[in-house]
1. Residue 63: net charge of surrounding residues, Cβ under 9 Å, Lys/Arg +1, Asp/Glu -1, itself excluded?
2. So how much slack lies between residue 261 and residue 5, counting 0.36 nm per residue of separation and subtracting their Cα-Cα distance, in nm?
3. So how do 104-115, 77-88 stack up, highest first, on mean other-Cβ count within 10 Å?
4. Within the range 78-98, what residues put their amide N at less than 11 Å from the label point 7 Å along the Cα-to-Cβ vector of residue 273?
5. For the range 220-285, what is the Kirkwood estimate of the hydrodynamic radius, computed as the reciprocal of the mean inverse distance between distinct Cα atoms, to one decimal in Å?
6. Can you give the extra length, in nm with one decimal, that the chain gains between residue 79 and residue 131 once fully stretched, where that is 0.36 nm per residue apart less the Cα-Cα distance?
7. Lys and Arg at +1, Asp and Glu at -1: add these up for the other residues within a Cβ distance under 15 Å of residue 278 and post the number.
8. Can you give the net charge of the other residues whose Cβ lies under 11 Å from the Cβ of residue 124, counting K and R as +1 and D and E as -1?
Amino acid sequence: MRSFERFITIDWTGAKGSRHKAIEVADCAPGDAAPVRVPPPGKYWSRQAVLAFVQDLAREKSRALIGFDFSFAPPFADAGCYLPGFSAPATGPDFWAFVEENSHDEDLGAASLIEGLLRPHFYFGSNCGPKARFLRLRACEAAFNAQGGGKPSSIFDCVGAAQVAKASFAGMRLLHHLREQGVAIWPFDPLPAAGPVVVEIYCRAFLRLAGGRGLKLRDGPSLDAALASLGSRPAGLTGPLPDHLTDVLVSSAGLRHIAASPHVWQPSFLTPELALTEGWTFGVA
């Protein structure tokens, strides 16, 4: 077990461009202090700016637990590979390197890889054939669903507002750069004795942990009620609030709330093979 001095969560995006209103970052300290918004270096965060932010934490050897809301790898266990019929690496870190090598979009984007070389593996609409054959899920997603959390989106579904494909593949580029710098990515890497640790989170799971149904929060009283359920003092924000912000504020408090629980670091269904190929969503135990 590790102790942490900061609990940081990032709501991520795979949108094209280099400035993203959808990216929000929150941070909270140990104890019951309310989580706070981390302002971007400009008007909005870029993915590169988030990368630099985490790299700075690594250089400072900060004891930060950092949660990103995207899928760290595609499914592997169901087919014995990531992309049936396509020659691809067979571990998460090697797959991240593959995504980085074959993605040339600005700001760590990966849309061109999904829409080009890997397009046959993704569902873009009815012209792709039956949707069901694309909707593969990882073991952690199946476990979350079985526990009543609801069915998460498949990383191969590119249709609708809930699609996570582009965000996840852009995130894999970020993970590649972080790991090159020596940042530990759990559970692909062992838990280090010092320095930051990056984990995959699912904001909706923390909203449910706070006593809700996983629905978005858009006002101060609803946010403060969720924070109180997670042992946090109120944020005290007023007026209409964007759900990207409330997601990360609740998730930051939620990350702190569960981080000292041994079972979240040793999920019962997490095998060594899954840890190396698919990874796991932190908190699904």
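1. +2
2. Full extension of this stretch gives 90.6 nm more.
3. Those peptides, ordered most packed to least, come out 104-115, 77-88.
4. Output list for this probe position: 78-81.
5. Kirkwood radius, the range 220-285: 13.6 Å.
6. In short, 17.0 nm is gained.
7. Once all neighbours under 15 Å are counted, the net charge is -4.
8. Taking every other residue near residue 124 into account, the sum is 0.
The values are calculated or read from the model by the stated rules, or taken from the named source; none is laboratory data. Please read all numbers here as calculations on a predicted model, not as lab measurements. We place every Cβ from the backbone using ideal geometry, glycine too, and count neighbours over all the protein chains shown. Note: areas computed on protein heavy atoms with side chains; ligands, DNA, RNA excluded. Shrake-Rupley method; radii C 1.70, N 1.55, O 1.52, S 1.80 Å.
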